[in-house]
Amino acid sequence: LLFTALAWGLITSCSSTTFTEYRGASFIQGKGGTLRVIEGVDFWENGDPDRKYKVLGVIDDSRGDGLISRMGKDSDIAKKAKEYGGDAVIFIGSDLELRGVDLTSGVVHYRRVTKVLVVKYAE
């Protein structure tokens, strides 16, 4: 039982942060929102940047819903945004995804999937 629990914990705690390129309209004039800065990347929530920006792509971050799994989420997103030339990210949404049920303990396992836009500011 202990081995099964440990193995399941490792599987559900794995994370992935992927970037998908966006192709579309040029610059958009933002209206503003709430702002946090993580590792030099602006994290816009409840709105968008208060200046002109262009969407470069979308980051999908998927990881276990436990506290330890979530600890590096913002840092991983910031690194991925910088890797693709982004100045900021705009929070789109976050959902829980059912991953399975441990039949021996009855514990339900979820993954948290977070989606953000990666943007480049107009100079």
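Please report, for the Cα atoms of the range 64-123, the Rg to one decimal and the Dmax as a whole number; what are they, in angstrom?
Rg then Dmax for the range 64-123, in Å: 15.4, 57.
Could you sort 56-62, 89-95, 27-33, 114-120 so that the peptide with the highest average Cβ count within 10 Å comes first and the rest follow in order?
The peptides rank, most packed first, as 114-120, 56-62, 89-95, 27-33.
How much accessible area per residue does the chain have, counting only protein heavy atoms and a probe of 1.4 Å, in square angstrom?
61
Could you look at the chain and say what percent of its accessible area is carbon and sulfur, using a 1.4 Å probe and all protein chains?
In the chain, the share of accessible area belonging to carbon and sulfur is 58 percent.
Using just the helices of the chain, give the 222 nm mean residue ellipticity in deg cm²/dmol: DSSP H runs with n ≥ 4 each add -39,500 (n - 2.57), and the total is spread over all residues, rounded to 500.
That comes out to -6000 deg cm²/dmol.
Report the label-to-label distance for E45 and T18 in nanometres (one decimal), using points 7 Å from each Cα along the Cα→Cβ vector.
Reported label-point gap for E45 and T18 is 2.5 nm.
Number of Lys-Lys pairs in the chain under 20 Å by Cα, sequence gap 8 or more or different chains?
Going through the chain pair by pair, I get 18.
Calculate the tail of P(r) for the chain: the fraction of all Cα-Cα distances greater than 18 Å, expressed in %.
In whole percent, the share of Cα-Cα pairs in the chain beyond 18 Å is 55.
Can you tell me the 0 to 90 degree angle between the C-alpha axis of helix 2-13 and the longest principal axis of the chain, rounded to 10?
Between the helix axis and the principal axis of the chain, the angle is about 10 degrees.
Between the range 102-123 and the range 47-89, how far is it from one alpha carbon centroid to the other, in angstrom?
Computed from Cα coordinates, the inter-centre distance equals 11 Å.
Using θ = phi - 60° and the Karplus curve 6.51 cos²θ - 1.76 cosθ + 1.60, what whole-Hz ³J(HN,Hα) does each residue of the range 109-117 get, with Gly and Pro shown as x?
10, 10, 10, 9, 10, 10, 10, 9, 8
Angle, helix 73-83 long axis vs. longest principal axis of the chain, Cα atoms, 0 to 90°, nearest 10?
That helix lies at roughly 40 degrees to the long axis.
The values are calculated or read from the model by the stated rules, or taken from the named source; none is laboratory data. Everything numeric here is computed off the predicted structure, so don't read it as measured data. Positions of Cβ are generated from backbone atoms using ideal geometry, with glycine treated the same way; all protein chains shown enter the neighbour counts. All accessible areas refer to the heavy atoms of the entire protein, side chains included, with ligands and DNA or RNA removed. Shrake-Rupley method; radii C 1.70, N 1.55, O 1.52, S 1.80 Å.
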